[in-house]
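Written below as structure tokens is the structure these notes are about.
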Amino acid sequence: MVATGENRTRNGHVLVWEQPGLFQSEDGKHKKKWLGTRHFVTFMLFLGMANAYVMRTNMSVAIVAMVNHTALDAEVEELDDECPDTDYGEHTDTIQDGEFAWSTSLQGYILSSFFYGYVITQIPFGILSKRYGALRFLGWGMFINSVFAFLVPVAARQGGFGWLIVVRFIQGLGEGPIVPCTHALLAKWIPPNERSRMGAFVYAGAQFGTIVSMPLSGLLAEYGFDGGWPSIFYVFGIIGVVWSVAFIWLVYEDPSSHPRIDEREKKYIISSLWGTANITNPPIPFKAIIKSLPFYAILFAHMGQNYGYETLMTELPTYMKQVLRFSIKENGILSALPYLAMWLFSMFISVIADWMISSNRFSHTSTRKIINSIGQYGPAICLVIASFTGCDRVLTVAMLTIGVGLNGGIYSGFKINHLDITPRFAGILMAFTNCTANLAGLLAPIAAGNLIEGKPTIAAWQVVFFIAAAVYIFCATFYNVFASGERQPWDNPLNDEPEPRRSIPNGHSNTVIESRQ
């Protein structure tokens with residue numbers, strides 16, 4: 001596994017972490033800064049990802065308090081009688097009745113409206129961020145998302161569910177840039193030997209935001225102002241606006257445009273990102289990308305991840321309620337455990353991944369494959385075990401927690417791999433894979449619904465888990481066969497045609513240097 005086969009130089013360009021004395025002063029003393037501007041950018045992106053997932057998930061908590069359950073006809077939930085009933089984790093003693101008599105199907109349309117806005121803007125923003133810069137699209141997109149959060153109570157009360165769906169759809173449009181633009185900024189700010197832990201830290205903001213927002217949203221719905229549930233959108237809307245303004249004002253498109261970055265850190269970042277300084281906007285090599293097997297390796301891994309994750313986090317809890325007759329969603333501590341496990345494990349494994357690369361014992365390619373295998377084979381095994389746990393609720397919860405926890409390896413696996421194979425077009429590739437993967441994630445509840453309809457038995461659910469495990473295993477194996485951690489020939493800056501330099505419109509007047517690896 002030693003990284004002897006991987007090209008360690010680029011036309012005589014020595015990789016930055018192999019350059020002696022880069023952080024030494026004139027007197028030869030080592031003065032490397034542990035925390036720099038790139039760490040601040042990473043922290044802001046982490047908060048942005050947390051904000052994004054707060055906005056995405058808070059409606060699922062709020063809608064429980066918004067709906068008048070008494071006014072609706074009681075729906076009979078089909079339960080399996082293979083396992084004995086429990087006296088814990090079943091139902092809360094009282095259900096708070098809200099203002100709106102919305103049917104279950106209508107609630108589904110309201111909850112999914114955000115997703116449709118989110119998906120359709122992935123690819124357009126990925127392409128636009130390459131040409132005009134990622135910072136403004138991300139910052140202003142999240143600003144729109146946050147401002148429209150204030151309109152959710154107004155739309156629901158004054159305009160009804162139709163206007164509420166429109167507002168949530170616009171919020172989704174605003175959040176569309178979060179993933180592709182975050183990837184584009186990581187490509188410009190983070191050196192290759194730090195990408196595992198920095199990328200994992202940023203994307204683990206999704207779990208952090210979920211851990212924070214779900215219990216806090218529940219408290220606001222119960223004790224908040226203006227009737228409870230509206231305060232969820234007001235509070236998180238304010239937080240989102242503050243973050244958006246701070247992000248636009250304090251963060252810069254890349255190190256070369258930042259007026260206050262330490263010169264040694266700027267040299268460290270720019271020297272490690274290989275490219276040609278006078279190339280600012282090369283054409284997107286769509287034909288080469290479409291023919292690239294490493295791209296398809298990431299695409300399949302991403303699709304398998306979303307399908308498997310939806311099964312783990314949505315379908316497995318449903319199984320626990322229908323078959324095991326135990327609702328993990330109604331137990332606050334247990335419902336947060338999987339997210340917490342994934343967050344902690346992703347942080348731990350990212351440090352290991354960067355050590356594997358910087359120690360020169362493993363190549364980028366082998367590191368990504370090993371860590372991604374943990375992140376996708378691990379959950380697959382847990383799903384298979386969960387299908388054989390019978391009526392053992394404790395073991396099923398343990399498998400859910402371990403499976404989701406091990407899933408955190410994907411952040412240092414395929415999720416950051418876009419930056420390895422094409423740092424200049426990483427945002428565009430992420431836009432394509434994230435859009436496709438989100439659509440693939442829709443198949444999990446559809447498949448489960450058809451398989452268990454009318455017969456939510458252990459045997460029927462076993463098929464659901466086997467399919468998800470098979471998808472995980474197939475996609476992870478495809479990734480292991482065809483993935484690469486090396487920059488692809490179609491992203492070679494030496495093949496570009498020079499064009500006049502121009503500044504990316506990020507609100508700052510400095511000249512921009514294209515990201516290099």
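Values computed for the structure shown
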{"read-out": "Karplus-derived 3J(HN,Hα), 6.51/-1.76/1.60, for each residue of the stretch 347-359, Hz, glycine and proline x", "value": "5, 5, 5, 5, 5, 4, 4, 5, 5, 4, 6, 5, 6"}
{"read-out": "Exceeding the 18 Å Cα-Cα cut-off - candidates 291/369; 321/455; 130/188", "value": "291/369"}
{"read-out": "Full-stretch length increase - residue 158, residue 112 - with 0.36 nm per residue and alpha-carbon distance subtracted", "value": "14.5 nm"}
{"read-out": "Cα gyration tensor of the stretch 384-459 - equivalent ellipsoid semi-axes, whole Å, descending", "value": "33, 19, 6"}
{"read-out": "Long-range amide H partners of residue 326 with built H, under 5 Å", "value": "321"}
{"read-out": "Global geometry of the stretch 159-238, whether rounded, prolate or oblate, following the gyration tensor of its Cα atoms and the 1.5 cut on a/c", "value": "oblate"}
{"read-out": "Karplus-derived HN-Hα couplings along the stretch 314-324 (A = 6.51, B = -1.76, C = 1.60, θ = phi - 60°), whole Hz, x at Gly and Pro", "value": "10, 7, 5, x, 5, 4, 5, 7, 6, 9, 7"}
{"read-out": "At R0 = 35 Å, FRET efficiency that the Cβ-Cβ distance of residue 394 and residue 466 yields, to 0.05", "value": "0.95"}
{"read-out": "Potential extension, residue 291-residue 459 segment - 0.36 nm per residue separation minus Cα distance", "value": "56.4 nm"}
{"read-out": "For the stretch 292-392: span of alpha carbons on each principal axis (Å, largest first)", "value": "50, 29, 20"}
{"read-out": "Tensor-based shape of the stretch 222-305 (alpha-carbon gyration tensor, a/c under 1.5 rounded, otherwise prolate or oblate)", "value": "oblate"}
{"read-out": "Computed lengthening from residue 99 to residue 246, 0.36 nm per intervening residue step minus Cα-Cα distance", "value": "49.4 nm"}
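All of the numbers you see were taken from the coordinates with simple rules; none came from a lab. In this text, all values refer to a predicted model and were calculated from it rather than measured experimentally. Neighbour counts are summed over all protein chains in view; Cβ atoms, including those assigned to glycine, are modelled from backbone coordinates with ideal geometry.
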